[in-house]
Amino acid sequence: MIRMVCSDLDGTLLQYGKQWLEGEIFDQIRALAAHGIRFCPASGRQYRSLRRLFAPLAGELHYKCENGA
């Protein structure tokens, strides 16, 4: 059973130099949550930067940031 999905940002969810996430990703994260699957953005970026990127769902996610710090 899958309980969590983790994904890198730069070069994965943010491709081709994009600075902001597409609205579609939030729908996909909500669909995961509807099936009891948590989402965790994983990045070398700082915590505040990740929360800003995921603002519509910021309080509902788990974060792996600052290269795992």
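At a glance:
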| item | result |
| --- | --- |
| The stretch 58-69 - residue that is within 21 Å of G11 (Cβ to Cβ) and assigned to a helix (DSSP H, G or I) and, of those, most open to solvent (accessible area, probe 1.4 Å) | N67 |
| Pairs with Cβ under 7 Å, 6+ apart, first in the stretch 24-37 and farther than 12 Å from F54 by Cβ, second open to solvent by less than 40 Å² (accessible area, probe 1.4 Å) | L32/F39 |
| Hits in the stretch 1-43 - residues which are open to solvent by 50 Å² or more (accessible area, probe 1.4 Å), closer than 20 Å to N67 by Cα and among the hydroxyl-bearing types (S, T, Y) | T12 |
| Every residue from the stretch 17-50 that is assigned to a helix (DSSP H, G or I), closer than 22 Å to R3 by Cβ and among the basic types (K, R) | R30 |
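The values are calculated or read from the model by the stated rules, or taken from the named source; none is laboratory data. From a predicted model like this one, the values you see are computed outputs, not experimental measurements. In this analysis, Cβ positions are derived from the backbone assuming ideal geometry, glycine residues included, and neighbour counts consider all displayed protein chains. In case anyone asks, the SASA skips ligands and DNA or RNA and just uses the protein heavy atoms, side chains included. Shrake-Rupley method; radii C 1.70, N 1.55, O 1.52, S 1.80 Å.
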